[in-house]
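Asks: Below are the structure tokens for one structure; questions will follow.
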Amino acid sequence: MVEVSFYHLQREPLDVALPKLLEKVHERSLKAVLIAGSDERVEALNNRLWTYRKESFLPHGGPSDGNASEQPIYLTTKEENPNDATVLVMVDGVDPGFKGNFDRCLDMFDGNDEDAVAAARERWKASKAAGHEVTYWQQGDGGWEKKA
């Protein structure tokens with residue numbers, strides 16, 4: 001059974017919260033695939049992951065970087081898993097059909113966008129109906145708080 005965790009962004013935008021979650025994935029020696037809604041978003045996140053903090057290094061790459069199979073964190077717009085990742089990160093409302101190929105899926109959505117929240121609720125229902133273990137995390141004063 002796949003664990004699908006929904007991350008409701010309220011206090012920090014994606015480009016601030018995402019690197020922190022990806023650091024935790026990498027610290028556990030896990031590989032991740034991040035699927036975004038557009039090539040422009042992939043490029044923006046790729047650039048952000050290089051510059052989000054001076055004192056850290058988060059190894060990652062995308063289609064333009066090559067060596068996809070060797071990237072600990074791979075950014076793409078396609079349903080693919082070229083680095084044999086066990087963690088799938090979804091942004092921009094992307095809902096790929098191959099979630100069952102991963103141990104854990106992280107669905108990050110903008111809690112300040114009513115349409116994004118409504119779409120996340122539908123993805124939650126669909127994930128639950130598909131038999132996935134579903135959890136819900138919300139940004140609080142002390143960081144992420146598990147709500148369901």
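We did not get these values from a lab; they are worked out from the coordinates using the rules stated. The shown structure was predicted, so the numbers you read here are calculated from the model rather than taken from an experiment. A quick note on method: Cβ atoms are made from the backbone with ideal geometry, for glycine too, and the neighbour counts reach across all protein chains shown.
Asks: Could you list 16, 33 so that the one with the fewest beta carbons within 10 Å of its beta carbon is first and the one with the most is last? Please list the in-between numbers first.
Replies: On the way: 16 12, 33 28.
Placing the least packed residue first, the sequence is 16, 33.
Asks: Return the tail of the calculated pair distribution for region 3-146, meaning the percent of Cα-Cα pairs more than 19 Å apart.
Replies: Details: 5065 of 10296 pairs.
Tail of P(r) above 19 Å: 49 percent of Cα pairs.
Asks: Something else now. First select every other residue whose beta carbon is under 14 angstrom from the beta carbon of residue 69; then total the charges, Lys and Arg +1, Asp and Glu -1.
Replies: Values: positive: 31; negative: 65, 70, 80, 84.
Net local charge, residue 69 excluded: -3.
Asks: Let me ask something else about it. Restricting to Cα pairs below 8 Å that are 6+ residues apart, what does the relative contact order work out to for region 3-146? Please round to a whole percent.
Replies: Details: 253 pairs, mean separation 51.1, N = 144.
RCO, region 3-146: 35 percent.
Asks: For an R0 of 25 angstrom, estimate the FRET efficiency from the Cβ-Cβ distance between residue 70 and residue 28 and round to the nearest 0.05.
Replies: Details: r = 18 Å, r/R0 = 0.73.
E between residue 70 and residue 28, to the nearest 0.05, is 0.85.
Asks: Residue separation times 0.36 nm, minus the C-alpha to C-alpha distance between residue 51 and residue 138: what's the value? Walk me through the intermediate numbers first.
Replies: Working: separation 87, 0.36 × 87 = 31.32 nm, distance 2.52 nm.
Full-extension gain reported as 28.8 nm.
Asks: Further, regarding this structure: In nm, what is the difference between 0.36 nm times the number of residues separating residue 125 and residue 80 and their Cα-Cα distance? Kindly include the intermediate steps, with their values, before the conclusion.
Replies: Working: separation 45, 0.36 × 45 = 16.20 nm, distance 2.37 nm.
The span from residue 125 to residue 80 would gain 13.8 nm if fully extended.
Asks: Per residue of region 91-106, in order, report the coupling 6.51 cos²θ - 1.76 cosθ + 1.60 (Karplus, θ = phi - 60°) as ³J(HN,Hα) in whole Hz, putting x for Gly and Pro.
Replies: Each residue of region 91-106 in turn: 10, 6, x, 5, 9, x, x, 10, 4, x, 8, 10, 7, 9, 10, 10 Hz.
Asks: How many percent of DSSP beta bridges within the chain run antiparallel, rounded to 5? Walk me through the numbers before you get to the answer.
Replies: Working: 4 of 30 bridges.
Of the beta bridges lying entirely in the chain, close to 15 percent run antiparallel.
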